[in-house]
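The values are calculated or read from the model by the stated rules, or taken from the named source; none is laboratory data. Please read these numbers as outputs of a predicted model, since none were measured by experiment. Don't worry about glycine lacking a Cβ; one is built from the backbone with ideal geometry, like all the others, and counts go over all protein chains shown. When the accessible area is computed, the model is the full protein with side chains, heavy atoms only, and any ligands, DNA or RNA have been set aside. Shrake-Rupley method; radii C 1.70, N 1.55, O 1.52, S 1.80 Å.
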Amino acid sequence: MLQCVLRVLYVKPMQEVNRMRKRRVLALCLLGSFLALRAPLFADEAKNAPPRKTVDFEKIRLDVTLDEKEGKIRGAATHTFVPLWDDVDTVVLDAEDMEIKKVVLRGKRLKFEHEGRRLTVRLGREYGRGDRLDLAVEYEAKPRRGLYFVRPDEGYPSKPYQIWTQGEDEDSHYYFPCYDYPNELAESEINATVRKPYIVISNGELLGVEESGDGKWRTFRWRERVPHVSYLVSLIVGEFEEIRAEWDGVPLRYYVQQKDVEHAMNSFRKTPEMMRFFSDRIGIRYPYEKYAQTPVEEYMWGGMENVSATTLTQHTIHDDRAHLTEDSEGLVAHELAHQWWGDLLTCRDWSHLWLNEGFATYFDALFKEHDRGADEFKLDMLRNKEWYLEDHGWRPRPVVWREYEIPGDMFDGHSYEKGSWVLHMLRYHLGERDFWRGVQLYARRHQKQNVTTNDLRLAFEDAAGKNLEWFFEQWLYRAGHPEFDVEWSWDEGTGMVELRVRQTQEGEPFRVAVGVEIAAEDGARLHRVVLDGAEQRIYLPAPKKPPAVRFDKDGWVLKELSFEKEEEEWLRQIESDSDMLGRIEAAEELAAYPSPKAIAALAKALREDSYYGVRAEAAKLLADIATDEARAALLDATEDPDARVRVAAARALGEHKGPGSGPAVARLKALFEKDLSYRVQAEAVKALAKLSPEKESKKEDRGGEAEEGEKEEEEKEESSPEALPREELEEILSKALEMPSHLEVIRRAVFDAYVEMDDEEAVPTLREWMAYGKPTLCRTAALRAFGELSEDDPEEAARTVLAFLEDKSHRVRGAACSVLEELGEPLAVPALVVAAEEDPIDYVREAAKEAVKELQKEKEKRREEEKD
C-alpha cells in the first residue's frame with residue numbers, strides 16, 4: 001500500500017492525501033487478541049511474534065448484501081479449513097463491532113462466545129488432520145472500519161454513493177469474521193448483492209451477475225483462486241464506467257466515474273508496459289485472472305494492492321494541465337509491483353513488512369529506470385533517501401523490528417525507502433546477473449507463501465554463491481547508515497591519490513563497497529573499494545594530479561557524505577560530471593559558499609543543464625542568493641519548457657524581496673495569468689505574497705521590537721516602488737479563490753499566502769472555506785492557515801477548531817488534531833483523548849494521540865512556570 005504519507009504521487013500536496021507513498025499510521029494493537037487459535041509456541045516468545053495456527057484456512061466465501069443507504073452489510077462468511085492437530089475442538093476468529101446471528105457446521109448450530117475482537121466457536125467435538133470442514137458464520141454489521149460508505153448529503157449533494165474496503169493492516173474483521181493476520185493465505189469467493197444500478201468490483205474473475213426477481217438488486221459473483229491473506233480481500237461498489245485493455249491475454253480494467261473517462265488514461269496508460277516489465281524482471285508472469293484499478297472517493301491513502309483489484313485515491317485522476325507537473329505512474333507502478341511483492345509473496349508478520357513495501361518501492365523506481373532512463377531512477381532514489389533520513393531522524397530503528405507497539409509503526413521510511421535502498425545496495429554488491437538471479441529464485445521458491453527476511457537471504461545466497469549474513473545483519477537488523485567524512489590529495493612522487501575516509505556515525509563502522517572515480521585527461525577511471533573501518537586511507541593510481549575525484553559515483557550507497565574539495569573542483573563537477581547526482585551534489589556545495597564563480601555556475605546549470613532535476617535544484621538553491629545574476633537566471637527559468645523547473649523558479653523568486661524585485665513581480669503576475677500548469681500558477685500566488693509589502697499595522701507591531709537598522713532596511717524594502725501594491729495582490733488572491741485546480745493547489749496557495757502576509761483580516765474568509773460543503777482539500781488548508789493566524793488568541797481559536805474533531809471528513813479531523821497541537825492549548829486534551837480512542841480512521845487516532853502527548857507537556861510546562 002502506498003502511504004501517502006502520497007509522496008510517490010505528488011510529494012508535498014499528496015502528503016495531505018496520503019503522505020506518495022502509503023504513510024500508514026494504523027492503530028490496532030496485536031496483544032491480547034490471539035488466544036486459543038493463536039496460542040504462542042512459548043510463553044517467553046519474542047514481542048509481536050506471529051501467532052501459531054491450529055487450523056489451515058483454505059478458502060473464505062462471503063455471501064453478503066450491502067446496503068449503501070443504511071451503511072450496513074449482512075450475510076454469511078464460510079471458512080473452509082483443515083485442523084493442524086488431532087484434537088482441535090475450538091476455532092477462534094476475529095470479528096469486531098458486528099452481531100453474530102449464528103454459526104453452523106455440517107448443518108448444526110454451534111455454541112460460540114463473542115467478546116471484543118474474539119469470536120470463539122465450540123466445534124462440538126474434536127477434529128483432526130484428516131477432516132475438511134466448512135464453518136458458516138451469519139452476521140450483520142454497520143462497520144466503523146474496514147468497510148466504508150460514501151454518500152451524498154446536504155453539503156455535498158453531487159457526491160456519488162460508493163462502498164469500498166480497506167483491510168490492511170488488520171481491519172477486514174470489522175466487516176466479515178475472519179482470521180485477520182498475515183501468516184495465513186486462502187482462496188476467496190465473494191457473492192455480493194447490491195442495488196441496481198451499482199456494480200461490484202472484487203478479487204479474481206467475475207463468474208456471473210444475477211438479477212433479483214423484482215429487478216431491483218443484482219448479485220455479482222467473483223472468485224480468486226490464488227491464495228492470499230485476508231487484508232487483501234476487496235469490495236468496491238458504485239456507478240463506474242469500465243475502460244477495457246489487455247496485456248498478453250490478461251484483462252486490464254480501469255473503473256472510473258463517468259466524468260473521469262476523458263482523463264483516466266493520464267493515470268493508467270502505462271499499465272500494460274509495467275505488466276510486461278515486472279513479469280520479465282521477476283521471472284513470473286502476472287499471476288492473477290485480471291487486473292483492475294479503481295479510484296474511489298474519500299480514500300485515506302494513495303492506493304492499496306488488493307489481489308488483482310487495486311483501490312486508488314480519486315486524486316489519481318488528473319487532467320492534461322495537471323499532467324504537466326504531476327503523474328500517477330509511481331503510484332500505479334508501486335501497487336502493481338505489490339501484486340508480486342506483498343500479494344503473491346506476503347510477509348509472515350509485520351516485522352518483515354519491508355519485504356512488501358521495500359520491494360514495491362524499489363520496483364517503482366526500477367520501472368522509471370526502464371521507462372525514463374537512469375537520471376529519473378537516480379532522482380527517485382535520492383528522494384527515497386531524503387524520506388528515509390527524515391523518518392530516521394524522528395525515530396531510528398532497524399528495518400526488521402519486533403518492538404513496534406502497533407503494526408502502523410512499521411509503515412514508515414524504514415520499511416519503504418530504506419527497504420528500497422537495501423535492494424539497491426544488494427544489486428551493486430552482487431552485480432546485475434546475480435541480483436536478478438536472486439530476485440527470480442526468491443519469487444519462484446516462495447510464491448503463494450508467507451516469507452521472512454531469512455527466506456530472501458537464503459535465496460540470494462543460493463543464487464550468488466556468497467555468504468550474505470553480514471550484509472543482512474548490518475542493513476536490516478541494525479539501525480542507521482554510514483556517515484562519511486572524506487578528503488583526498490595527490491602525491492606526485494608516488495603518482496597516487498590518497499583518499500582519507502572516516503565513518504563518523506555512532507556505533508560500529510559499516511562495511512560497504514563504493515565506486516571512486518578518478519578523472520583524467522584521457523578519461524575517468526572508476527575504482528571499486530571496500531570500506532569497513534572507522535578511519536581508512538585508500539591509495540589509487542593517478543600519474544597526473546586529477547582535476548576531480550568522485551566518491552560513490554552513481555550513488556549506490558545509502559549514506560550521508562561530507563567531502564572536502566576546492567571550489568574549482570566543484571565548479572568542474574557541476575558543469576561536466578556525467579552523473580546528475582554529482583551535478584546536484586556540486587550545486588549544493590557551491591550554494592553553501594556562494595562566490596561570484598559559484599553563482600555563475602549555478603545560473604549556468606539552471607539555464608543549460610540537460611536534466612530538469614538539476615535545473616530545478618539549481619533554482620531552489622538560487623532562492624537564497626540575492627544577486628542580480630541569480631534573479632536574472634530565475635527569471636529566465638520561468639520560461640523553461642519543463643513546468644517542474646518553472647515551479648521551482650517561481651518559488652525561488654518569492655525569496656528575492658527588495659530593490660530589483662520589479663521584474664520578478666511582473667513575471668510572476670504573468671505566470672499566474674497565463675501559465676498552463678496549475679502548480680506554476682499556485683507558486684506564483686505564494687511568491688507574490690512574499691514580495692508584497694506588509695500592512696502598516698504589522699510594521700508598527702514589529703517596529704518596537706526590531707533594531708533601528710533592521711527597521712530602516714524593512715521600510716526600504718516594503719516601500720520599494722517595485723513591490724506589488726497590497727490592493728493588487730488582494731485582487732489576485734480573490735481571483736485565485738475562484739479557480740478550481742487539481743488537488744486545489746491554487747486555492748490552497750491563497751491560504752498559504754494569507755499566512756505569509758500575516759493577514760488576520762483573512763480569518764473570515766478562512767472560516768468560510770473551512771465550512772462543510774467546501775472542497776475537502778481547501779477545508780484542511782484553510783483550517784491550518786486559521787490556526788497559524790490565530791496566535792494572538794489561541795484559546796478562542798482552539799475552541800473553534802475543537803468542533804472539527806467531529807467532522808464527517810477524516811482529512812478535516814486529522815488536520816484539526818494537528819492544528820490543536822500547534823495552538824498548544826491544553827483545553828483541547830479531553831476531546832482529543834476521545835478522538836484518540838474512538839475515531840474510526842487510523843491516522844486520525846494517531847494524530848490525536850500525538851497532540852495529546854504534546855499538549856500534556858505544555859500543560860506541565862505551564863504548571864512549572866506558575867510555581868516559579
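Results, tabulated for the structure shown:
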read-out	value
Every residue from the stretch 520-536 that is under 19 Å from I574 (Cα atoms) and at pLDDT 95 or above	R525, L526
Test: R799 is out of contact with any Asp or Glu (no Cβ under 6 Å at 6 or more places or on another chain), within 23 Å of A749 (Cα to Cα) and open to solvent by 40 Å² or more (accessible area, probe 1.4 Å)	no
Selection within the stretch 833-868 - within 25 Å of the chain's Cα centre (by Cα), of a type outside the set (D, E) and open to solvent by less than 60 Å² (accessible area, probe 1.4 Å)	A835, A836, P840, I841, Y843, V844, R845, A847, A848, A851, V852
One residue from V763, V750, V755 being over 30 Å from D327 (Cβ atoms) and either open to solvent by 30 Å² or more (accessible area, probe 1.4 Å) or touching a helix residue (DSSP H, G or I) at 6+ places or on another chain (Cβ under 7 Å) (or both)	V763
Test result for V194, more than 24 Å from L344 (Cβ to Cβ), of a type in the set (V, I, T), surrounded by fewer than 13 Cβ atoms within 10 Å (Cβ to Cβ) and more than 30 Å from the chain's Cα centre (by Cα)	no
Options G204, G167, G208, G215; residue that is within 30 Å of Q449 (Cα to Cα), surrounded by fewer than 18 Cβ atoms within 10 Å (Cβ to Cβ) and among the small types (G, A, S)	G208
Qualifying residue in the stretch 544-562 (condition: more than 20 Å from V399 (Cβ to Cβ), of a type in the set (A, V, I, L, M, F, W, C) and open to solvent by 40 Å² or more (accessible area, probe 1.4 Å))	yes
Residue in the stretch 235-252 that is closer than 30 Å to P177 by Cβ, of a type in the set (K, R) and touching a strand residue (DSSP E or B) at 6+ places or on another chain (Cβ under 8 Å) present	no
Some residue of the stretch 172-179 being out of contact with any Pro (no Cβ under 8 Å at 6 or more places or on another chain) and hydrophobic (A, V, I, L, M, F, W, C)	yes
Residue pairs meeting the criteria (Cβ under 7 Å; at least 6 apart or on separate chains; first over 20 Å from G342 (Cβ atoms) and open to solvent by less than 10 Å² (accessible area, probe 1.4 Å), in the stretch 261-283; second outside any helix (DSSP H, G or I) and of a type in the set (A, V, I, L, M))	A264/I243; A264/V256; A264/I317; S267/I317
Selection count where residues are modelled with pLDDT of 95 or more, open to solvent by 10 Å² or more (accessible area, probe 1.4 Å) and of a type in the set (G, A, S), scope the stretch 614-641	3
Residue satisfying all of: in the stretch 471-508; more than 30 Å from G419 (Cα to Cα) and of a type in the set (A, V, I, L, M); least open to solvent (accessible area, probe 1.4 Å) among these	V497
Among residues of the stretch 642-691, those that are open to solvent by less than 40 Å² (accessible area, probe 1.4 Å) and either assigned to a helix (DSSP H, G or I) or modelled with pLDDT of 95 or more (or both), counted	31
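One line per residue, one yes/no per condition, for (1) touching a His at 6+ places or on another chain (Cβ under 8 Å); (2) basic (K, R); (3) over 26 Å from D532 (Cβ atoms):
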position	(1), (2), (3)
Y404	no, no, yes
G408	no, no, yes
F411	no, no, yes
Y416	no, no, yes
S420	no, no, no
R427	no, yes, no
R445	no, yes, yes
A463	no, no, no
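For every residue, the table says whether it meets (1) open to solvent by less than 10 Å² (accessible area, probe 1.4 Å); (2) among the hydrophobic types (A, V, I, L, M, F, W, C); (3) touching a strand residue (DSSP E or B) at 6+ places or on another chain (Cβ under 9 Å); (4) under 30 Å from D153 (Cα atoms).
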position	(1), (2), (3), (4)
E58	no, no, yes, no
K72	no, no, yes, yes
T90	no, no, yes, no
M98	no, yes, yes, yes
K108	no, no, yes, no
E115	no, no, no, no
V121	yes, yes, yes, no
R125	no, no, yes, no
